[in-house]
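No lab work stands behind these numbers, since they all come straight from the coordinates. Remember, it's a predicted structure, so these values are computed and weren't measured experimentally. All Cβ positions, even for glycine, are placed from backbone atoms using ideal geometry, and neighbour counts span all protein chains on display.
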């Protein structure tokens with residue numbers, strides 16, 4: 001039995017830097033992802049910063065026209081803070097997460113950054129596993145971060161970790 005060839009060989013997901021026009025997409029995606037979370041969605045002022053001022057560092061994932069995930073990063077000199085990576089619940093078992101991380105890492109490498117920091121809940125083992133796979137190590141605990149009783153962990157990827165990522169991405173021909 002012959003297997004039919006796919007007519008559309010285009011990748012399913014598009015990952016690209018945000019633009020100011022992505023503000024409504026980011027707002028909608030935030031509501032869809034975080035409406036049940038006690039911390040809640042990001043405020044619109046923060047979202048505007050992402051789409052207007054830090055857009056080259058913030059990436060959105062699209063499935064056709066539908067926004068399905070994002071990663072928000074904020075550079076400060078040669079250091080960057082990865083503030084949030086979020087994927088719509090319907091897309092969490094897809095490649096979206098991986099593709100967003102790949103876009104972020106390629107930007108770190110292209111800009112020759114020296115460190116990347118993450119802030120995460122101790123129980124968020126999925127995120128901590130992703131950070132560890134990039135070489136991040138926990139460097140501090142932050143108590144009462146967003147509210148009383150809230151505990152977060154700071155982790156960091158340092159220059160030598162970024163250099164290892166560069167070697168890996170070069171071997172895989174993801175960067176030149």
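Extension gain, residue 21-residue 35: 0.36 nm per intervening residue step, less the Cα-Cα distance, totals 2.8 nm.
Which length gain, in nm to one decimal place, applies between residue 114 and residue 98 when the Cα-Cα distance is subtracted from 0.36 nm times their residue separation? Let's see the in-between values first.
On the way: separation 16, 0.36 × 16 = 5.76 nm, distance 2.17 nm.
Length difference between fully extended and current span is 3.6 nm.
Among 162-173, 96-107, the peptide with the highest mean count of other Cβ atoms within 10 Å heads the list, and the full ranking is 96-107, 162-173. Taking a ≥ b ≥ c as the square roots of the eigenvalues of the Cα gyration tensor, an a/c ratio of 1.5 or more together with a/b no larger than b/c marks the chain as oblate. Distance from the alpha carbon centroid of segment 43-83 to that of segment 150-172 works out to 19 angstrom. The length gained by stretching the chain between residue 170 and residue 138 to full extension, at 0.36 nm per residue less their Cα-Cα distance, is 8.9 nm. Once both labels are positioned 7 Å from their Cα atoms along Cα-to-Cβ, the gap between residue 66 and residue 90 label points is 0.3 nm.
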